[in-house]
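The values are calculated or read from the model by the stated rules, or taken from the named source; none is laboratory data. Here the structure is a predicted model, which is why all the values come from computation and not from measurement. All Cβ positions, even for glycine, are placed from backbone atoms using ideal geometry, and neighbour counts span all protein chains on display. Surface areas here come from the heavy atoms of the whole protein model, side chains and all, with no ligands, DNA or RNA. Shrake-Rupley method; radii C 1.70, N 1.55, O 1.52, S 1.80 Å.
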Amino acid sequence: MRKNKFILLFALLLSLGLILAACGGGGSESESESEASGNEGDSEESSTDFSAAMVTDIGGVDDKSFNQSSWEGLKAWGEEHGLSKGNGIDYAQSNDKADYIPNLNRLIRDEYDLIFGIGFELKEDLQKVADQYPDTYFALVDDTIEADNGVSITFKEHQGSFLVGVAAALKTNTNKLGFVGGIDSPLINKFESGFIAGAKSVNPDIEIEVEYAESFGDAAKGKIIASNMYNNDIDIIYHASGGTGNGVFNEAKDLKQNDPDREIWVIGVDRDQHEEGQIGDHNVTLTSMVKRVDVAVQDVSNQTMNGEFPSGEVLEFGLEEEAISFATTNEEAMTDDIVSEVEEWQEKIASGEVEVPQTREETEAFVDGL
């Protein structure tokens, strides 16, 4: 009996030993797997440890315009390198100018290697933090900063605006066009100047009403301005106003819904805003002046990641870089004849035959010379 008890005790001890060994083995294997997994993670991090983020202006990341285009570019760059929001890429939303510095400082604290400021309104604050944090790279879209750790990203918006001005002049039935700007500034004056020059190159007698909302995020103001313009027999409005332009689209769609036979159009900006013009079976987006901020953001992000940051440079993207174009998505509205003529003017600009004005003074001289 005692012998049997001893055998039973031995069996239990043996089983317990096997269990402990198995647990110990499992622990070792788990650590190995964890280490291997950690090494794999380190390997991934070593190839994607560069990070980039952006601060929007008050138009916001969903402005359906240049902030949104910038974020789309940063997301595309992130996807290319296995990054996602909060994991190597991010944005900070600004609802007021007072948000710029806190947003920039947050991204700096989060140790992003490259930080974009989207829009000329961030110029002063981005310049300030660039001076304070020389080990961080900064990029300003739509204006210039002066810093060894800064790069300026600009576009030839006047070229694309000229082309949509041509399209508007060819499409209008009333010979009255409208331009709605965000903030009256040298940048938005480029859009205004190009548009007027393009339209008047087709018809010097065409009338163009210009009004500024003094905001890139006031859709209600955009709707009021558009209502006044459309009531004044204007049938095409070109907006360069960020989120304010959503109000222009809303007004045009309301009018179209009430009177489907009315010829009424909006020209979008920065992105192809065809979707913004959809109302039932109709679409009020004639065309859009496409400004590939997304391409520029991707390009600068890759350069910086590869150790080729364009220190202190002013980069300018235009027709030649395929960063400026006009949309032809609305094939029913942008007929072959219109597209063909716009392309002819595009060739004239690209060849240097036509020098598109960028300021009101240059525009006045350009129009006088027609």
Ratio of the Cα radius of gyration of the range 112-151 to 2.2 N^0.38 Å, where N counts its residues
0.97
Top mean-square fluctuation among GLY78, GLY268, GLY165, Gaussian network model of the chain, C-alpha springs under 10 Å?
GLY78
Cβ-derived FRET efficiency at R0 35 Å, ASP131 paired with LYS176, nearest 0.05
0.15
Which of the GluC sites (Glu not before Pro) across the range 58-167 are loop residues per DSSP, with 13 or fewer other Cβ within 10 Å?
GLU111, GLU146
When we measure straight from the Cα of LYS256, which aspartates and glutamates land under 12 angstrom away, once same-chain ones fewer than 8 places off are left out?
ASP235, ASP281
Probe 1.4 Å, accessible area per residue of the range 54-201, Å²
34
Correct choice for Rg and Dmax of the Cα atoms in Å that was computed from the model, options (i) 28.4, 121; (ii) 19.5, 59; (iii) 24.6, 100:
(i)
Dipole of the range 277-370 [Lys/Arg +1, Asp/Glu -1 at C-beta], most positive-end residue of SER301, SER325, VAL367
SER301
For ASN95 paired with ALA350, estimate the spin-label separation in nm (one decimal), with each label point 7 Å from Cα along the Cα-to-Cβ line.
4.5
Under the Karplus relation 6.51 cos²θ - 1.76 cosθ + 1.60, θ = phi - 60°, what is the ordered set of whole-Hz ³J(HN,Hα) values for the range 67-75, x standing for Gly and Pro?
5, 5, 4, 4, 5, 4, x, 5, 5
Determine the dipole magnitude for the chain: charges of +1 sit on the beta-carbon of Lys and Arg, -1 on that of Asp and Glu, nothing else is charged, the reference point is the Cα centre, and the result goes in debye to the nearest 20.
1860
Evaluate E = 1/(1 + (r/R0)^6) for SER340 and GLU124, where r is the Cβ-Cβ distance and R0 equals 51 Å; express this FRET efficiency to the nearest 0.05.
0.70
For the range 248-325, what % of the accessible area comes from carbon and sulfur atoms, probe 1.4 Å?
36
When a/c reaches 1.5 or more, the comparison of a/b and b/c decides; with that in mind, is the range 56-133 rounded, prolate or oblate per its Cα gyration tensor?
oblate
Among GLN132, GLN303, GLN93, which one shows the biggest mean-square fluctuation in a GNM of the chain, springs joining Cα atoms closer than 10 Å?
GLN132
Assuming a ≥ b ≥ c are the square roots of the Cα gyration tensor eigenvalues, decide whether the range 200-293 counts as rounded (a/c under 1.5), prolate (otherwise, with a/b larger than b/c) or oblate.
rounded
Highest GNM mean-square fluctuation among GLY82, GLY245, GLY222, for the chain with Cα springs under 10 Å, belongs to GLY82
Note the per residue figure in Å³ for the convex hull of the C-alpha positions in the range 144-275.
108
Kindly provide the pair-distance distribution of the range 207-252 built from C-alpha pairs, with 5 Å bins from 0 and whole-percent values in order of increasing distance.
6, 27, 37, 22, 8, 1
Long-range amide H partners of VAL210 with built H, under 5 Å:
PHE179
Solvent-accessible area, 1.4 Å probe, carbon plus sulfur percent, for the range 108-170:
36
Suppose we keep just the DSSP beta bridges with both residues in the chain; what percent of those would be antiparallel, to 5?
10
Can you show me the helix-derived [θ] at 222 nm for the chain, built from DSSP H runs with n ≥ 4 at -39,500 (n - 2.57) apiece and divided by the number of residues, rounded to the nearest 500.
-16000 deg cm²/dmol
Show me the ranking of peptides 319-327, 62-70 by mean Cβ neighbours inside 10 Å, starting with the highest.
62-70, 319-327
Between 0 and 90 degrees, rounded to the nearest ten: what's the tilt of helix 2-48 against the longest Cα principal axis of the chain?
30
My understanding is that a pair violates if its Cα-Cα distance is over 26 Å; which of LYS123/LYS156; LYS123/LYS348; LYS64/LYS128; LYS128/LYS221; LYS190/LYS223; LYS85/LYS221 do that in this structure?
LYS123/LYS348; LYS64/LYS128; LYS128/LYS221; LYS85/LYS221
Could you let me know the centre-to-centre spacing of the range 222-276 and the range 114-131, using Cα atoms, in angstrom?
32
Hey, what did the chain get for relative contact order, percent, Cα under 8 Å, at least 6 apart?
17
Would you mind counting up the charge near GLU121? Only other residues with Cβ under 10 Å from its Cβ, with Lys and Arg at +1 and Asp and Glu at -1.
-3
Using the Cα centre of the range 125-196 as origin and beta-carbon charges of +1 (Lys, Arg) and -1 (Asp, Glu), tell me which of THR144, SER185, ILE196 is placed farthest towards the positive end of the dipole.
ILE196
